[in-house]
Amino acid sequence: MSDPASQPRTDPVLPTDPFVSSAAPGPASGSASDAPVIIECQDVHKWYGDHHVLRGIDMTVRQGEVLVIFGPSGSGKSTFIRTLNRLEEHQRGRIVVDGIELTTDVRNIAAIRREVGMVFQQFNLFPHLTVLQNITLGPIRVRGWTREKAEEEAHRLLTRVGIPEQALKYPLQLSGGQQQRVAIARALAMQPRVMLFDEPTSALDPEMISEVLDVMQGLARSGMTMLCVTHEMGFARHVADRMVFMDDGVIVEQGPPTQIFEAPEQERTKRFLAQILH
Amino acid sequence: MTDVLSTRPMDPPGAPRLPPPREERGIVGWLRHNLFRTWRDSIVSVVLLVIIGLVVVQLLEWALLSARWGVITQNLRLFLIGLYPADEAWRVWLSLTVVSVVAGAQAGTRGGYSRTIAVWLIAGQLTVAILALLSPMGPLVAAAIAANAGLTLVVQLATAKRPLPGRVLTIGWLVSLVATLVLLHGGAGIPVVRPDAWGGLLLTFMLASVSIVLSFPLGVALALGRRSRLPAIRLLATAFIEIVRGVPLVSILYLSSILLPLFLPGDLRIDQVVRAMGGMTLFTAAYLAENVRGGLQAVPRGQVEAAQAIGLSGVQIDRFIVLPQALRMTIPANVGLFISLLKDTTLVVIVSLLEILGIGRAVLAQAEWLGASFEVYAFIAIVFFVLSYSMAHASYRLEAALGVGRR
Ligand SMILES: Nc1ncnc2c1ncn2[C@@H]1O[C@H](COP(=O)(O)OP(=O)(O)OP(=O)(O)O)[C@@H](O)[C@H]1O
Ligand SMILES: [Mg+2]
């Protein structure tokens, strides 16, 4: 990934610049276990009616860590990462993000959503807004930036995700891969401390998957904390610090990719990996 | 083989690109294809063409030779402004001037559907000017109205070169609304003309445009209220919508004309026209709310989630994400609603207001014009058709323009 952003930063507010690996003060990929904790989940439960979907999730994520969460369909992966920014409410347990506990208090929810970016399987770009407006909406309305500043930042991000020339188009005029990269830029524009990805390449044609994974890899290198639900095992092997296998609403097993791929401890993990790796 | 490939590299050998078959092209081709394809088609086409031809000839013969169009031109002022005092009629033309300028500015700046509206406005005013020339209203009024049309065109051309900021247009429309009301009603130094003296096309226009402008925000608010998380608001909005939709407009007009004064302090007199506007606004808002609710439901859940994920508040999500998409989807339904509203203005005759249809009946009651009813109703039908069609036409253009980026 080309990196023209070694120019002096004009904006001291930015906590982490997603793509500047050399300049980033935080821990690089493969973060040490002494990095500060950014997400802390204790005994998280979630029911849909009588259906017990999350059955006690404990998880600690440190700053700069890249997690890949995988598991069978219906195991609760989406539900779990969506509880982290309150797109779903958890009914028992504790979730603390960047020192803020998720409660019913809307101020806490708003504060956490400012720090957590999310990328969806179906992109969910706003079809009535241009690419540029999609990206600047949050910074202008939530962060209170001026339009000029937000647009400047948006152009910078579009260059980083490799589509600087598409700013004035509407989302549906772009290819799937381009749309997903816009969606990543939109999330990054809020300068989040954590990025959540829910199967970001599952809706893409095969030839577009790598362009999105490349952007995600660049982001990981820059020291962003990332939780990715994905079955792209090549990405997991090369980029993840930790892999988390979920089944039936619980974390069955987790560990570094080498351990998960070469010596999984649990039978269920072994069977699932055998299935998806053919 | 090799030269075929070298001249047409994309064609597989043996599959040359050919022009379409000859008989499909041109007018003759079209006729043959669409009207005379088979024996049966041909017979049906000939019979229909003969019938249509006979009707058109008859109509033209009547319209050009025997119709008494004097009933329109001699009563033109009544048709246009009803019993609005003749000495004050300049105020109507002047308010049209204001609207013409703003419409021209909008058309020049925005193009697209705004230009469609401007074209209809110009054509309409020119037609009225010609009629005025043939009427006792005389050349001066005709010239004033024609000048309005010219002004629209001039402003449009000027602003096409130097577009105005969007904010100026919004302010322009607000100013023209207030200016129109002040000019027509009077006060601030000019003599008051009570709205109950408004009539004819003027009244039709005022009823329709005031009701449209007011029902829009009310309808949107009701639609949002119906989805509110607060049960009290939800209940109120739902009850209002269902009750109003369950009652015919005629009864709402009666009720607002009889009941409204009872709720107000005795010395406060509200004109019948204002009550009718209120009734039509409430009626239209209830239907509009249901259209908008349909649109709100059609906005995918993922849009709201994406907006929440970037931290927008609930109000911001409605304002920037959900409503814009919902309202776009409901343009066809809402324009349809506004066209019905335009035609429903004829119902105010039951609370003894004389919009254009009421004026038509009053004119026909004059001994002089007995038997000219076909002329009068044909004229009114044409007026309503042109108004409705111009709205529909502009909305097709608007939909096409908003379709950008939506496939
Ligand atoms: N809104 C909902 N209402 C009821 N049940 C739901 C809802 N959303 C998810 N579920 C159920 O919760 C369970 C977990 O769903 P979830 O979407 O988290 O699974 P997942 O691991 O992301 O699966 P996939 O790989 O198919 O995306 C499933 O059994 C699903 O049917
Ligand atoms: Mg899922």
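The values are calculated or read from the model by the stated rules, or taken from the named source; none is laboratory data. The model shown is predicted, which means the values in this text are computed figures rather than measured ones. Backbone-built Cβ (ideal geometry, glycine too); neighbour counts: all protein chains shown.
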Within region B:82-91, count every residue that is part of a helix (DSSP H, G or I) and either surrounded by fewer than 19 Cβ atoms within 10 Å (Cβ to Cβ) or outside the structural domain of B:GLY124 (by TED's automatic domain parsing) (or both).
5
Would you confirm whether or not region A:146-159 contains a residue that is under 20 Å from A:VAL66 (Cβ atoms) and either in a helix (DSSP H, G or I) or away from ligand 2 (no atom under 16 Å from the Cβ) (or both)?
yes
Only one of B:GLY70, B:GLY112 that is within 24 Å of the chain's Cα centre (by Cα), at pLDDT below 90 and surrounded by fewer than 17 Cβ atoms within 10 Å (Cβ to Cβ):
B:GLY112
Restricting attention to region A:97-132, and to residues there that are within 16 Å of ligand 1 (Cβ to nearest atom) and not in a strand (DSSP E or B), which single residue is nearest to B:MET329 (Cα to Cα)?
A:ASN124
In region A:209-233, what count of residues is obtained for those that are touching a strand residue (DSSP E or B) at 6+ places or on another chain (Cβ under 7 Å) and under 16 Å from A:LYS77 (Cα atoms)?
6
Selected residue (criterion: nearest to ligand 1 (Cβ to nearest atom)) from residues of region A:60-96 that are within 14 Å of chain B (Cβ to nearest Cβ) and surrounded by 23 or more Cβ atoms within 10 Å (Cβ to Cβ)
A:THR83
Return the pairs, sorted by first residue and then second, in which the second residue is assigned to a loop (DSSP other than H, G, I, E, B) and not polar (S, T, N, Q), the first residue lies in region B:160-172 and is over 11 Å from B:ARG110 (Cα atoms), the beta carbons are less than 9 Å apart, and the residues are 6+ apart or on different chains.
B:GLY172/B:LEU164
Suppose we filter A:VAL142, A:VAL119 for residues that are surrounded by fewer than 20 Cβ atoms within 10 Å (Cβ to Cβ), facing chain B (nearest Cβ under 10 Å) and not aromatic (Phe, Trp, Tyr); which single one remains?
A:VAL142
Can A:ILE57 be described as under 25 Å from A:SER222 (Cα atoms), modelled with pLDDT of 95 or more and surrounded by 20 or more Cβ atoms within 10 Å (Cβ to Cβ)?
no
For the subset of region A:190-246 comprising residues that are of a type in the set (Gly, Ala, Ser) and surrounded by 22 or more Cβ atoms within 10 Å (Cβ to Cβ), which member is farthest from A:GLY177 (Cα to Cα)?
A:GLY223
Can you pull out every residue in region A:103-114 that is buried (at least 20 other Cβ atoms within 10 Å of the Cβ) and more than 7 Å from chain B (Cβ to nearest Cβ)?
A:ILE112
If you check A:ARG86, A:ARG82, which single one turns out to be within 21 Å of the chain's Cα centre (by Cα) and modelled with pLDDT of 95 or more?
A:ARG82
Write out, first by first residue and then by second, each pair whose Cβ atoms fall under 7 Å of each other, whose residues are 6+ apart or on separate chains, and whose first residue, in region A:33-51, is in a loop (DSSP other than H, G, I, E, B) while the second is more than 16 Å from ligand 1 (Cβ to nearest atom).
A:SER33/A:ARG62; A:ALA35/A:PRO27; A:ALA35/A:ARG62; A:ALA35/A:GLN63; A:ALA35/A:GLY64; A:PRO36/A:ARG62; A:PRO36/A:GLN63
Counting residues that are under 14 Å from the mean Cα position of the chain (by Cα) and farther than 21 Å from A:GLN259 by Cα, which strands (runs of 3 or more DSSP E) fully inside region A:179-249 reach at least 3?
A:194-198
